[in-house]
Amino acid sequence: MSKVFKKEVLSYNTNLTAEIETDVNENPRARVHSVEWRKIMEGEPVEINPSIGHGYKIMTVEEWAGRWKRNDDFSECLNCNSKNTKEHHFTQTWCRGKKTWESELLCMDCHSFTWRSYRDPDFKLPEEYEREKWAAMVAGQAIPV
């Protein structure tokens with residue numbers, strides 16, 4: 001009889017060892033879309049998504065965010081508790097089993113931005129591991145005069 005091994009599926013929002021940072025803002029905290037948001041709110045034309053056309057157009061918030069997806073893991077607006085949100089920014093980085101991620105949602109009801117981010121306390125990028133390794137090697141050697 002053979003043994004069946006179940007492989008654990010890792011997810012960005014499980015096995016968290018630190019607090020999730022949260023913030024609510026009138027404007028996007030993520031740089032992506034921040035210029036467009038200002039233009040939308042001032043009634044100025046914004047660039048049309050190249051996948052559906054070209055040129056510039058004055059758009060409503062709903063039209064501008066129409067192609068964004070919902071984040072079902074964290075769908076609640078932290079300002080008004082609405083679930084009518086769209087995620088405009090998400091990044092995640094994994095290195096040696098540790099993770100960091102950030103997400104920002106636009107609430108379609110109150111038009112506020114909800115930011116959530118997380119970083120494992122011992123998360124390091126590959127270049128940080130290399131820097132530490134080389135610093136330790138240099139510290140262990142005598143420097144010739």
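Round to the nearest 10 and give me the degree value, 0 to 90, for the angle of helix 126-139's Cα axis relative to the longest principal axis of the chain.
30
Kindly provide the Kirkwood hydrodynamic radius of the stretch 62-145 in Å, to one decimal, from all pairs of distinct alpha carbon atoms.
For the stretch 62-145, the Kirkwood estimate is 15.7 Å.
For TRP101, TRP94, what ranking results if the residue with the fewest other Cβ atoms within 10 Å of its Cβ goes first?
So the residues, fewest neighbours to most, are TRP94, TRP101.
So what's Rg/Rh here for the chain, counting alpha carbon atoms and using the Kirkwood radius for Rh?
1.16
Lysines near LYS124 by alpha-carbon distance under 23 Å, same-chain residues fewer than 8 away left out - which ones?
Filter leaves LYS98, LYS99, LYS133.
Among all the aspartates and glutamates, which ones have a C-alpha under 12 Å from LYS39's C-alpha, if same-chain residues fewer than 8 places away are not counted?
Within the straight-line limit of under 12 Å, LYS39 reaches these aspartates and glutamates: GLU47.
Just so you know, all these numbers are worked out from the coordinates, no wet-lab data involved. Small disclaimer: the values here were computed from a predicted structure and weren't measured. Heads up, the Cβs are rebuilt from the backbone with ideal geometry, glycines too, and the neighbour counts pull from every protein chain shown.
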